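Only one structure is covered here, and it is reproduced in the block below.
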Amino acid sequence: MALSKPFLKWVFLFLVFLSAHTTCNAFYLPGSYMHTYSPRDSIFAKVNSLTSIETELPFSYYSLPYCQPPEGIKKSAENLGELLMGDQIDNSPYRFRMNVNETVYLCTTQPLKENEVKLLKQRTRDLYQVNMILDNLPAMRYSRQNDVSIQWTGYPVGFTQNNKEDYIINHLKFKVLVHEYEGSGVEIIGTGEEGMGVISTDADKRKASGFEIVGFEVVPCSVKHDPEVMLKHKMYDNIDPVTCPSELDKSQIIREQERVSFTYDVEFVKSDIRWPSRWDAYLKMEGARVHWFSILNSVMVIFFLAGIVFVIFLRTVRRDLTRYEELDKESQAQMNEELSGWKLVVGDVFREPNCPKLLCVMVGDGVQILGMAIVTIVFAAFGFLSPASRGMLLTGMIVLYLFLGIAAGYVGVRLWRTLKGTSEGWKSVSWSVACFFSGIVFAILTALNFILWGSKSTGAIPISLYFLLLFLWFCVSVPLTLLGGLLGTRAEAIQYPVRTNQIPREIPARKYPSWLLVLGAGTLPFGTLFIELFFILTSIWLGRFYYVFGFLLIVLLLLVIVCAEVSVVLTYMHLCVEDWQWWWKAFFASGSVALYVFLYSINYLVFDLKSLSGPVSAILYLGYSLIMAFAIMLATGTIGFLMSFYFVHYLFSSVKID
């Protein structure tokens, strides 16, 4: 059910838009939620998992001795992407009343026990952050370092002074930015954060008027309250204003038998920020010049490689073919005896490669991954995957991957027919395509999940989600892949332009191994994407928002072009030295970029994630990096192989040799 929720919203909003198209004067993209509040309306904040850039292990908010809501803890409905990312969104006792500035008492804990003190100190020293959400906006905190303003999402569990004593954050100063909204033909339906804007010109404007939340900021404090005085209050009682102390003796220390009182104050501030622009503050990414420099660098590489391909086609290949076709039959026969370079392997160039089934499986999976990446990034670049809908990006990728199983089965089986000349064994190929990449990823995730279970982290995949993933795999992906394979058997087989000799030609010895050239070729595609890779890794592991999908789409297109050009050039070089075993070399010429991606990930771990502590965190990081590198290898390798196959087929279809 969680999987279909975002997509039902898409369909619903699309139908509403169509029905009101003739009379509407506003329209909101899928994933954008809008709710207006009247003065004194109650608004409850929610809390997500505690996160840390030091451990990368998320934990439940209520694993620490925080105040609980009077009605009990209730989990919010989560989609597939949120569950896989380790999000656990719960309700919280933090209640605001629209446009009411107040200081509020929440609760006082029981005397802290030894295990609670130990856990609080550990979470404090591991730099864990509390992630709070109001009207679907994360709490934002500003700090200054070296006269530079830095923005963070969330606030720390506590802080450590001089590496001795630990203090807990127990008072929060909230600033809620609101924009007064005069109803202009938009009627709000639904409740709370899940309310959606629906077009209706006949709606009563007074109904739609109110205040929209356009910003949510927090300043955390540690304040030592007198528990005897605080216990006289009830939850949500108003208390005297609280000032954040600068002296440590007035801050709340973490130690046994201490009773911690939690309070907060809220201030509502009118803002000129309009509701559609409220995410701009979160999505600002510095370094636009760096992105453009990366793209310019990639374009230069493309022109360089395009020049080489141009020379190969127009000066070398075309010249040889034109000269060859101008000769009469006797001269052609004589010339055949004097052939050199790629023309000598005409009888072996389409000889079946080693491990043909594995090649078909990897190319099929590569088509599936590449298609998923392109469609996802295109949708994100055009703004359809809103950051307001948590988990939608990952959910969309999984759904696309499942349905692109048809393309994977089709390509894998058709390539198998081309290599073998028969459809026999297509079911085995289709099953392998459906299980190869998915099975490896599932095995790695299972191993990592045991580690997360052992750490009692919310990042662990629940058993119920395991069954859901298995259901999607074997009841959706596998049947669709088999259907694609069936279509592949009925498609016309690709005919080779030349016949293959019965006896394979001996490949001349060379001074250096060919795999060195293959590995070296991966540096060019890596040069195209490594700057964007840095921003993506920073987004994933340092908790930054990544939303420059326009740049990412450009980089992806450039990567496809570079991979194709590199593979064609390398394939031609191998054929020129009479090496007819080009199949796997064409795949790994561009696919070897994955090796550099993985090595760069290790470099990022050592030099940029210095704060990452413990072997568990390092194993998790390397496990996820391995999945990413493996997926990149299949996608880029497929680009190179398919382009090289087309190149070789075109090249030898022009040769007239019996």
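No lab work stands behind these numbers, since they all come straight from the coordinates. Note that the structure is predicted; figures quoted are calculated from it, not measured. Neighbour counts run over all protein chains shown; Cβ positions are idealised from the backbone, glycine included.
Cross-link pairs exceeding 26 Å between alpha carbons, from the set Lys164/Lys250; Lys113/Lys610; Lys113/Lys224; Lys75/Lys270; Lys46/Lys175: Lys113/Lys610; Lys75/Lys270. Report note on the peptides 480-487, 174-181: ranked by the mean count of other C-beta atoms within 10 Å, highest first, their order is 480-487, 174-181.
Derived scalar couplings between HN and Hα for segment 500-515 equal 9, 5, 6, 9, x, 7, 6, 8, x, 5, 10, 6, 10, x, 5, 5 Hz in order, rounded to whole Hz, by the Karplus curve 6.51 cos²θ - 1.76 cosθ + 1.60 (θ = phi - 60°), x for Gly and Pro. Remark: segment 355-495 carries a charge dipole of roughly 80 debye about the Cα centre, counting +1 on each Lys and Arg Cβ and -1 on each Asp and Glu Cβ.
Projecting the Cα atoms of Ala493, Val562, Leu529 onto the charge dipole of segment 461-603, computed from C-beta unit charges around the Cα centre, puts Ala493 farthest toward the positive end. The protection proxy used here, the mean number of other Cβ atoms lying within 10 Å of each residue, ranks peptides 420-430, 244-254 as follows, highest first: 420-430, 244-254. Each label point was placed 7 Å from the Cα along the Cα-to-Cβ direction; for Phe403 and Gln257 their separation is 6.4 nm. Ranked by the mean number of other Cβ atoms within 10 Å of their residues, highest first, the peptides 532-540, 391-399, 599-607, 231-239 come out as 391-399, 532-540, 599-607, 231-239.
Compute, for segment 220-270, the length of the dipole vector about the Cα centre, with Cβ point charges of +1 (Lys, Arg) and -1 (Asp, Glu) only. Units Debye, rounded to 20. Could the numbers behind the result be given before it?
Working: 7 positive and 10 negative charges, 28 e Å.
With Lys and Arg at +1 and Asp and Glu at -1, about 140 debye.
Remark: spin-label model distance Ile619-Asn162 equals 3.9 nm, labels positioned 7 Å along the Cα→Cβ axis.
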